[in-house]
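Undergrad: For reference, the structure I am asking about is given below.
The values are calculated or read from the model by the stated rules, or taken from the named source; none is laboratory data. Bear in mind the structure is a predicted one, so any value in this text is a computation, not a measurement. Counting neighbours? That spans all protein chains shown, and the Cβs are built from the backbone with ideal geometry, glycine included. For accessibility, only protein heavy atoms count, side chains too; no ligands or nucleic acids. Shrake-Rupley method; radii C 1.70, N 1.55, O 1.52, S 1.80 Å.
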Amino acid sequence: MLDGQTPANPAHMQIDLSGVVFQMEGQFMHRPILLLLALSLVACAAQLTQEGRMVRAIQPDWATKCKFLGVLDASEGNGWDVPDDRRGALNSIRNQVAQMSGNAFVVSQSTSNGIRTLIQADAYNCP
């Protein structure tokens with residue numbers, strides 16, 4: 001119990017969060033916990049920053065006119081599936097490029113084992 005008291009009935013739980021009281025009984029007790037778990041997984045995926053939104057993936061031959069900034073790695077495994085993990089890893093790459101004052105990247109390697117996706121990319125600042 002969060003309030004330090006032991007419930008008389010273990011199938012009954014009362015949680016007090018800042019004056020708001022939630023009561024859960026028996027089989028319905030697991031639903032809020034599962035919902036919180038699902039929401040926490042979504043919240044862990046890399047979110048795209050405002051600066052990261054300005055960064056674009058380019059073709060390798062376009063990079064010849066750009067200034068090379070460095071090599072970046074990103075990995076994601078908190079999405080619902082492999083495409084969602086890839087999107088999260090690309091968001092992380094975009095955010096990192098923006099932090100380096102870049103505006104473009106070229107993916108040099110992308111792998112996934114079904115659990116995690118790893119992307120390696122070269123960061124650039126292009127005219």
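Undergrad: Within region 85-115, count every residue that is on the phi > 0 side of the Ramachandran plot and under 19 Å from the mean Cα position of the chain (by Cα).
TA: Final tally of qualifying residues: 1.
Undergrad: Scan region 71-92 residue by residue and report those that are assigned to a helix (DSSP H, G or I), within 15 Å of Leu48 (Cβ to Cβ) and open to solvent by less than 70 Å² (accessible area, probe 1.4 Å).
TA: Going residue by residue through region 71-92, those that are assigned to a helix (DSSP H, G or I) are 82-92.
Among the residues that remain, those that are also within 15 Å of Leu48 (Cβ to Cβ) are: 84-92.
Matches in region 71-92: Asp84, Asp85, Gly88, Ala89, Leu90, Asn91, Ser92.
Undergrad: How many residues are under 15 Å from Gln99 (Cα atoms) and either open to solvent by 100 Å² or more (accessible area, probe 1.4 Å) or β-branched (Val, Ile, Thr) (or both) if we restrict to region 44-66?
TA: Going through region 44-66, the residues under 15 Å from Gln99 (Cα atoms) turn out to be 46-56.
If we keep only those that are either open to solvent by 100 Å² or more (accessible area, probe 1.4 Å) or β-branched (Val, Ile, Thr) (or both) too, we end up with 47, 49-51, 53-56.
The total comes to 8.
Undergrad: For region 93-106, which residues satisfy the criterion of being open to solvent by less than 30 Å² (accessible area, probe 1.4 Å) and in contact with a strand residue (DSSP E or B) (Cβ under 8 Å, 6 or more places away or on another chain)?
TA: Here is the first cut: in region 93-106, the ones open to solvent by less than 30 Å² (accessible area, probe 1.4 Å) are 93, 95, 97-98, 102, 104-106.
Hits for region 93-106 are Ile93, Val97, Gly102, Ala104, Phe105, Val106.
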